[in-house]
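The values are calculated or read from the model by the stated rules, or taken from the named source; none is laboratory data. All values reported here derive from a predicted model rather than from experimental measurement. Here Cβ is always computed from backbone atoms with ideal geometry, including for glycine, and neighbour counts include all displayed protein chains. Only protein heavy atoms, including side chains, enter the accessible area calculation; ligands, DNA and RNA are left aside. Shrake-Rupley method; radii C 1.70, N 1.55, O 1.52, S 1.80 Å.
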Amino acid sequence: MGFSDIRGEYDIVVAGGGITGAGVFHEAVRQGFKTLLVEARDFAWGTSSRSSKMVHGGLRYLKQGKFFMTGAAVKEREYLLRQYPGLVTPIKFIMPLFDHYGPSRLSMKAGLSIYSFLAGEKQHQGFKKKEALEKIPGIREETLLSAVGFKDAQVDDARLVLRLIHDACRNGGKALNYTKVTGVERDKKGWVAAVLVRGEATGTGREIKSPVLINATGAFAEILHPSPMKGFHIRPLRGSHLFFSSARIPLTRVISFIHPADLRPVFLFPWEGVMVLGTTDVDHDADLTSEPGISKEEADYLMEGVTHVLPGMNLSLSRCISSMAGVRPVLSRKKTAASKESREHVVWQDKGLVTVTGGKLTTFRLLARDALKAAKPFLPVRAPGPVSPAKSLPLDLYSSLRVSGRTVERIIGRYGPKAGSGILGQDETLLTPVGNTPVIWAEIRHAAKHENIHHLSDLMLRRVRIGLLLPEGGVHLLDRVESICRPFLPWDKERWEKEKKEYANLWQTCYSPPEPLKEP
Ligand SMILES: Cc1cc2nc3c(=O)[nH]c(=O)nc-3n(C[C@H](O)[C@H](O)[C@H](O)COP(=O)(O)OP(=O)(O)OC[C@H]3O[C@@H](n4cnc5c(N)ncnc54)[C@H](O)[C@@H]3O)c2cc1C
């Protein structure tokens, strides 16, 4: 569907194609509402492709006494693991405990017992120093006391957004990227009567009749809906990550450690075949419409932490493949340290304009339900739409293919059974990995054919994540990408060259490592 195809009236227009907007869209369609989602840039262009990829209860929120928030997130984690196997996958965490700083074994044990209680089963264990040394590569030995282990989950964040959007579209919803909401029209009573949108490619504006606009624009939320909470405003906080090759040190679990400089938790985790180190938490004063990038200070902060805790890993910036930065939409009076700001979401309602922002990737369904509850007085009564029950993966159907069970699981999880089968049914030459990543070429062809790509960066950074996983953002593969995608993208030779150049420039500016890569 393109901009010129938007017709008729809608019950709900959703602004923002990140996880919050996608969650609202998915839930609204499930509840039977005629819903249109519009995203000003690309789906998941904002924070939702730049998270730490964890589907978690947030152990650290227990320390702040946020039992309800953590309990709700743990429940969501369990639901998402059941509903999206292959996309949301369990992962083990280990946290070293030292005698000179950081939490004590006793406080961790207490916190983890509550965490396990909230999950309804014991999901943690303690490790003696000897076991900790075996399980954590390169750990600082002298002051190490022991370690604790626990379970959480991880995800490909951008693909979760896309999975929700595509599932909702299959059930009757409409979604458009590169289309911006510019405002609302109100009737005499001041109620929302129509939503104004603009196609970003053509600059053409249009009015869409709808009694409800759900504003899920994250850090941009106050542009459409200034904060009604006196003194509270969105405080954009940047969090950045560094990506490293895991060829020399394959990690099988997340190493969660306390940064010695400010006692914040930092993670080194395996993801899509690489190791990721993050995150930071700093005020983001740059223009929100430009893509954020990591600063040298943030990179140094992350390296200082990892070098202190894991000196034997010999990680250095010269081995970094890429970087990524995202902006948290946090509601604040700007009085506290960035990392102490509340991560809870807020919902504001103004006669059909409903804003939902803050929160976490993990809890997107809770945000969606709260937003729809606030919109209810302005919505017609509708019969619920189709429900998609959790499905076990039909892995045996693919046993004759020359791909591993893991790849099948990954593809079906990311794309759903129908589109996933289409991908796995492609020519065998396309069922091979892209470089040393778990991505297969068939995904690239599928994305070009079916997934609303407007720019090469949409494909390389969000449909598949090879822009983060390969040195130089995978620019050396762009000719093969072109030959696979050319039949499906309406681009001539000149446009392809322009897209390649723009992608390479964007990658250098916002995703490159802070120092040139020497040896991956
Ligand atoms: C560094 C970092 C790490 C994180 N790690 C985790 C984690 O591990 N687990 C977890 O659960 N949570 C995590 N979070 C939190 C989580 O990522 C965010 O809460 C979530 O992604 C916010 O999603 P969103 O949809 O509200 O915003 P966004 O993803 O930013 O989406 C908003 C979208 O709205 C679009 N938009 C803006 N204006 C308009 C307009 N006028 N019309 C149409 N569209 C518009 C933007 O282009 C954007 O795509 C992390 C956050 C950060 C920053």
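Observations on the structure shown:
- Checking the stretch 14-21 against the condition returns no match, with no residue being crowded, with 24+ Cβ neighbours inside 10 Å, in a strand (DSSP E or B), more than 11 Å from the ligand (Cβ to nearest atom) and among the β-branched types (V, I, T).
- Selection from the stretch 439-478 of residues that are under 24 Å from L242 (Cβ atoms), touching a residue at least 60 places away in the same chain (Cβ under 8 Å) and over 18 Å from the mean Cα position of the chain (by Cα): L470, P471, G473
- Matching residues in the stretch 25-47 - criterion: being away from the ligand (no atom under 12 Å from the Cβ) and either outside any loop (DSSP other than H, G, I, E, B) or closer than 23 Å to A221 by Cβ (or both): H26, E27, A28, V29, R30, Q31, F33, T35
- Some residue of the stretch 337-359 being polar (S, T, N, Q), more than 16 Å from the chain's Cα centre (by Cα), closer than 30 Å to L162 by Cα and within 11 Å of the ligand (Cβ to nearest atom): yes
- Looking only at the stretch 168-199, and only at residues there that are assigned to a helix (DSSP H, G or I) and surrounded by fewer than 20 Cβ atoms within 10 Å (Cβ to Cβ), the one that is farthest from the ligand (Cβ to nearest atom): R170
- Any hit, the stretch 86-106, residues being outside any loop (DSSP other than H, G, I, E, B), within 16 Å of the ligand (Cβ to nearest atom), open to solvent by less than 40 Å² (accessible area, probe 1.4 Å) and under 20 Å from D167 (Cα atoms): yes
- Evaluation of R50 against the conditions (1) among the charged types (D, E, K, R); (2) more than 14 Å from the ligand (Cβ to nearest atom); (3) within 18 Å of the chain's Cα centre (by Cα) shows that the sole unmet condition is (2).
- On inspection, M69 does not qualify as of a type outside the set (D, E), more than 23 Å from V14 (Cα to Cα) and near the ligand (Cβ under 9 Å from one of its atoms).
- Candidate set from the stretch 479-490 (those that are farther than 26 Å from M324 by Cβ and free of Cβ contacts under 8 Å to residues at least 40 places away in the same chain); member that is surrounded by the fewest Cβ atoms within 10 Å (Cβ to Cβ): P490
- Filter result (aliphatic (A, V, I, L, M) and within 14 Å of the ligand (Cβ to nearest atom)) within the stretch 244-268: V254, V266, L268
- Residues (more than 23 Å from A371 (Cβ to Cβ), more than 8 Å from the ligand (Cβ to nearest atom) and under 19 Å from the mean Cα position of the chain (by Cα)) located in the stretch 200-243: L242, F243
- The stretch 149-167, residues that are open to solvent by 10 Å² or more (accessible area, probe 1.4 Å) and more than 15 Å from R414 (Cβ to Cβ): F150, K151
- Test: residue in the stretch 356-365 that is assigned to a helix (DSSP H, G or I), assigned by TED's automatic domain parsing to the domain that holds V184 and surrounded by 19 or more Cβ atoms within 10 Å (Cβ to Cβ): yes
- Criterion (closer than 15 Å to G326 by Cβ and surrounded by fewer than 18 Cβ atoms within 10 Å (Cβ to Cβ)) met by exactly one of D262, D300, D283: D283
- Residue in the stretch 390-401 that is over 26 Å from the mean Cα position of the chain (by Cα), at pLDDT below 90 and small (G, A, S) present: yes
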